[in-house]
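J.: Mind looking over this structure? Questions follow.
Read the figures in this text as sums done on the coordinates, not as results from a lab. Everything quoted here is computed from the prediction, not taken from an experiment. Here the Cβ positions follow ideal geometry from the backbone for every residue, glycine too, while neighbour counts run over all protein chains shown.
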């Protein structure tokens, strides 16, 4: 980043962060402030934050739209585009693999041990040689809470103001409703909710 921005120290990296590859682009689309992006910090009491390493592999593009906290032990592999809204927070030990495009809105909380993948990472072809498992974007709206151990796969679209219950698996568009979704496939069990 330009020196005039870098000198403000917008990104704090824990000493437990492993920068596996940094050949891509990092873009900050908001007013630059000291410590606005924290990576590898935090404490979730059921994890060992002293031995848990955060891994960043950036060969694509990561876009920060404001304050960001990526908790210890999280793993980000970005060969496509990853866009994080303002007040984005991963508590700990989650993985994001962006080969195409993953976009989070503002005020998104992602709990521990979640997995987001917009690609299968391997190509599958039918008998005619046609690829049958193309990558698809993942789009998460504003004010979304993703519970622990959720898996969000390619093609997932979640509307504003939703909660995804712990252990849910989503691989489709559920943006026609907002509320509390649980299970696999996800079921809407409660509308008109809010969370803090």
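J.: How would you rank 150, 18, going from fewest to most other Cβ atoms within 10 Å of each one's own Cβ? Spell out each step's value before the answer.
T.: Working: 150 25, 18 12.
Least to most surrounded, the residues fall as 18, 150.
J.: With 10 angstrom as the radius, rank 163, 132 by how many other C-beta atoms surround their C-beta, starting from the fewest. Please list the in-between numbers first.
T.: Numbers: 163 23, 132 10.
By the 10 Å Cβ count, ascending: 132, 163.
J.: Next question. Summing -39500 (n - 2.57) over the DSSP H runs of n ≥ 4 in the chain and dividing by its residue number, what mean residue ellipticity at 222 nm do you reach, to the nearest 500 deg cm²/dmol? Display every interim value, and only then the final one.
T.: On the way: 1 runs with 4 residues, N = 196.
Taken over the chain, the calculation gives -500 deg cm²/dmol.
J.: Using Cα springs under 10 Å in a Gaussian network model of the chain, which residue among 57, 103, 20 shows the largest mean-square fluctuation?
T.: Result for the chain, Cα springs under 10 Å: 20 fluctuates most.
J.: Would you mind ranking 195, 145 so that the residue whose beta carbon has the fewest other beta carbons within 10 Å leads the list? Intermediate results must be reported in sequence, preceding the final value.
T.: Values: 195 12, 145 19.
In increasing order of surrounding Cβ atoms, one gets 195, 145.
J.: Another question about this same structure. Provide the percentage of antiparallel DSSP beta bridges, counting only those with both residues in the chain; round to the nearest 5. Intermediate values should be presented prior to the final figure.
T.: Values: 4 of 60 bridges.
Taking every DSSP beta bridge with both residues in the chain, the antiparallel ones total about 5 percent.
J.: Among [x] 27, 21, 16; [y] 23, 22, 14; [z] 26, 18, 17, find the value of semi-axes √(5λ) of the Cα gyration tensor in Å that was calculated from the structure presented, and write down its label.
T.: [x]
J.: Whole angstrom only: what separates the Cα centroid of the range 29-84 from the Cα centroid of the range 104-152?
T.: 17
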